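Worksheet: the structure to be examined is printed underneath.
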Amino acid sequence: MAGSEKIGKIATFYSFKGGGGRSMALANVAWALASNGWNVLAIDWDLEAPGLHRYFHPFLADPEQVRSRGLVDRLWQYARAIGSSGEAPEETIDRLSDCSDIVQHLALPHAARGKLGFIGSGRQDEEYTQKVGAFEWGAFYKRFAGGQYFDAFGRWARKSFDIVLIDSRTGVSDSAGVCTVQLPDLLVLTFVYNRQSIDGTAAVARSIHRQRTQLRRPIRFFPTPTRVEDKSEAAHARRHAVHRMRKLFNRSVEDLDRELRLNEIRHYPWCAFEEKLAVFEEDPAERGSLLQEMHGLASRLVDGDIGPVRVDGEEMARLWRRAAFTDPRLADLLIVRDQSLSEAAPVLTTWLEEALINDDDRTDWRSALAAACVEISQLHAGGAFGVEVEALSKGGVDLARRLAQKVGDPDADLTAELGRLLLVRANFLQAQARSDEALDALAEATTYFRKGDHANGLQLARALEWQAGVLQRTRAYETAISVWTDAGKTYDRLSESEPRRFEDVARTFIGLAASYSEIGAPSRAVEACRRAVEALDRAAAEGVAVVPSTWAAALVAYGRCLLEAGHLKDAEIAVARAAQHFEDKLESSQLRASMAEVFALQGEILKTQGYCEEALQVVERAIALLSSASSEAQRHGSLTAVPMGGTASRLRILRAELLLARGDHAGAAEVSGFALHHSGIADVGRFRLRLSEVSLLASMALEDARAVDEAAGQMYYEITRGSDDEIPERSRQALQAYVTWSLDRGRQPFPTLKPVVANRFIDSLPSREV
């Protein structure tokens, strides 16, 4: 520490009105002290109009503060931790008053002998205004022990830094009161030489003095006139300031007049153009400069000798160029994004190679480049430039990983961005049918989202849900169950403050039920679906407008699981409730597709009850609805918004089975054969096995040997590629009938398989006598 104090000081810079150069003065004093070896923390407490970061942007990794958490984020985090009870456990206060994790460490030039940390007002995203506007300072003190929290914050700050400089909000407010009454040891009162500013500042100073006297905590004032145009013409205004402040500061007229003259900061026209530290504009040896005035104010604040430090001009110029808010490369990147891949790939590859070896380049540029490489490669995942897009996708993620995992300096926001790009990478890999690598990318993404704060909870839940879906499609059902459960718990935690997340909870339970159904656990599948419906009931109770298609998905899944578990009556109740949500409102393709799901389940129930003709009529109606939904979606270019894959597959299976049950073997063979060879069939779970089974039985009835062998081979493939050795009983019986049918006609079963393989599989089936 440059001074003799063992415990640091807190100095607040305050102005009664804005536009007087308060932030400019604080930023330059911070530079003066840090360059002279002091460990300084600067805090932007002007939550309504933050701007202190603009003076420090040449040294910040996040110049626009779009990724960095700040003061308001920490206050909300503390309030959430305390909860509605109003109790303030000491460990919570101690843990969250330590703000080391949100301090941004400025990369100062080599000549600076000290350190400069910065806590911004908060992450400058679309939610910032809402976070500030919704924060109630009175409630924070009354319900959340705000006084104790800020006392602890002050202790942490004084212990951690030589001096803390707070940029306070203007005027009279609760947040300004924290900065001017509770926290500071020193108060720099900046004002301009006009009557309103002088009188307002004097009134606020008297109020602060009175409150601090009552608290028996003296405070030292530094009245600092700013934007002084001409010192010789300021005499009249200075006399008025002395008159209003002399008694308050307990100074003689001569002493206060001398102090004001000493503290006066002249108006420098170049300061009005942009937020720029004086060290970037002026020579340290220049007399009468702003840089010299700021070092003088810094010296008086700390009762020490703080002089301008000579810095390398070339280094400062390079820092300023890098920190320009309009980096020309960012503009170039936007142009490249609009180019064809053949034009963009060579440019992006060159930039990427440079960025991967140049750790000193701007973080915002490297982060934007990483995102562009990954996102552009995703757009061309199935194109002809396989090697190029793979290099861009992988290299972009590698660059993002390097930014997020800086040794000793992890960045939570860059970590979240890495997680997002891993999701894009997973999409890219899925498009290339590289499911195992996609799962690896998704798993890595979830590890980064788990490291984030509440803002990353939704991204974590989405990534887990996606991961579970991929696991389910690759038939890794046991692992999928674990991940579905994790996703549901994550959504459930979010629903405590966001009731609309109950719909997400419901969706994960539906996925969980599907996995349980696939492993033959019908009772667990039923319970998962029951909880899905319960989540939607909770959403509706909280005022969330749950759309009919969402209700249909949950209730149809519930009904189907009940049917598989043998609870026929309960399944009928579920499907009837699902139908009620539509009330004949089928104006959109989405609603018609959802109603088709309801009809599909009704058909399955009727088939189970033995009403095959009625079931077939319902299935034909569902197919017509689905066809209408598909045609409309194609006309409007929104096919991806209509969930028809699984429903279409179920309807084809059901129709084929009903035709077979009716004795229409030719119709059943035609429908099942078409579905098996149709590219749109949902290749999940038991869909294809059931279709192959129908095709086999219908073809045997038609004595179509070629179709019989093809269907039997398809059943073998579906059974042996599954993760479960258990063969469904109905499939066993169909294959047993096929073996008998073949041998009775003097034919070898499974002629496309090697005899040893075929015989081993036949031995696993029931014997002909069974």
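Every number here is computed from the coordinates shown, using simple stated rules; none is lab data. Model, not experiment: these values are computed from the prediction. Every residue, glycine among them, receives a Cβ derived from its backbone with ideal geometry; neighbour counts consider all protein chains shown.
Listing for the model above:
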{"item": "Calculated FRET efficiency for the pair residue 262/residue 285, C-beta based, R₀ 22 Å, to 0.05", "result": "0.60"}
{"item": "Modelled label reach - residue 126, point 7 Å along Cα→Cβ, segment 419-449 residues with backbone N closer than 18 Å", "result": "420-421"}
{"item": "Taking N as its residue count, the alpha carbon Rg of the chain over 2.2 N^0.38 Å", "result": "1.30"}
{"item": "Cross-link pairs beyond the 21 Å C-alpha cut-off, checked among 569/607; 159/451; 394/489; 115/451; 131/276", "result": "159/451; 394/489; 115/451; 131/276"}
{"item": "Paramagnetic reach from residue 95 in segment 69-84 [backbone N under 14 Å; point 7 Å along Cα→Cβ]", "result": "77-83"}
{"item": "Point-to-point label distance, residue 354-residue 81, nm (Cα→Cβ direction, 7 Å offset)", "result": "4.3 nm"}
{"item": "Sparse-neighbourhood loop sites, GluC sites (Glu not before Pro) in segment 463-531 - DSSP loop, at most 13 other Cβ within 10 angstrom", "result": "496"}
{"item": "Relative contact order (%) - segment 9-320, alpha-carbon pairs under 8 angstrom, separation at least six", "result": "27 percent"}
{"item": "At R0 = 30 Å, FRET efficiency that the Cβ-Cβ distance of residue 661 and residue 434 yields, to 0.05", "result": "0.15"}
{"item": "0 to 90° range, to nearest 10: angle between helix 435-451 axis and the chain longest Cα axis", "result": "30 degrees"}
{"item": "Computed magnitude of the charge dipole of segment 655-763 (debye, nearest 20; Cβ of K, R +1, Cβ of D, E -1)", "result": "100 debye"}
{"item": "Inter-probe distance in nm under a simple model that places probes 7 Å from Cα toward Cβ, at residue 497 and residue 310", "result": "5.3 nm"}
{"item": "Distance in nm between pseudo-label sites at residue 703 and residue 270 (7 Å out along the Cβ direction from Cα)", "result": "10.2 nm"}
{"item": "Residue list for segment 130-164, given a label point 7 angstrom along the Cα-to-Cβ vector of residue 172 and an amide N cut-off under 18 Å", "result": "137-138"}
{"item": "Rel. contact order, % - alpha carbon contacts under 8 angstrom, at least six apart, segment 326-452", "result": "21 percent"}
{"item": "Stretch gain in nm, segment residue 17-residue 368, where the contour uses 0.36 nm per residue and the Cα spacing is subtracted", "result": "122.6 nm"}
{"item": "Amide hydrogen neighbours beyond the local backbone of residue 193, cut-off 5 Å, H modeled", "result": "226"}
{"item": "Size of electric dipole in the chain: Cβ of Lys, Arg +1 and of Asp, Glu -1, about Cα centre, debye, nearest 20", "result": "2280 debye"}
{"item": "CD proxy at 222 nm, helix term only [per DSSP H run n ≥ 4: -39500 (n - 2.57); per residue of the chain; nearest 500]", "result": "-20000 deg cm²/dmol"}
{"item": "Neighbour-count ranking [beta-carbon atoms within 10 angstrom, fewest first] of 329, 652", "result": "329, 652"}
{"item": "Length gained when the stretch residue 730-residue 545 is fully extended (0.36 nm per residue, less Cα-Cα span)", "result": "62.4 nm"}
{"item": "Percent RCO, i.e. relative contact order, over the chain, from Cα pairs under 8 Å lying at least 6 residues apart", "result": "8 percent"}
{"item": "Proximal lysines relative to residue 247, as straight alpha-carbon distance under 25 Å, when same-chain residues fewer than 8 apart are discounted", "result": "17, 231"}
{"item": "With at most 13 neighbouring Cβ atoms within 10 Å, loop chymotrypsin sites (Phe, Trp or Tyr not before Pro) (DSSP) excluded, longest segment of the chain", "result": "326-770"}
{"item": "Efficiency of FRET from Cβ geometry, residue 347 and residue 538, R₀ 41 Å, rounded to 0.05", "result": "0.20"}
{"item": "Percent of beta bridges antiparallel (DSSP, the chain, rounded to nearest 5)", "result": "5 percent"}
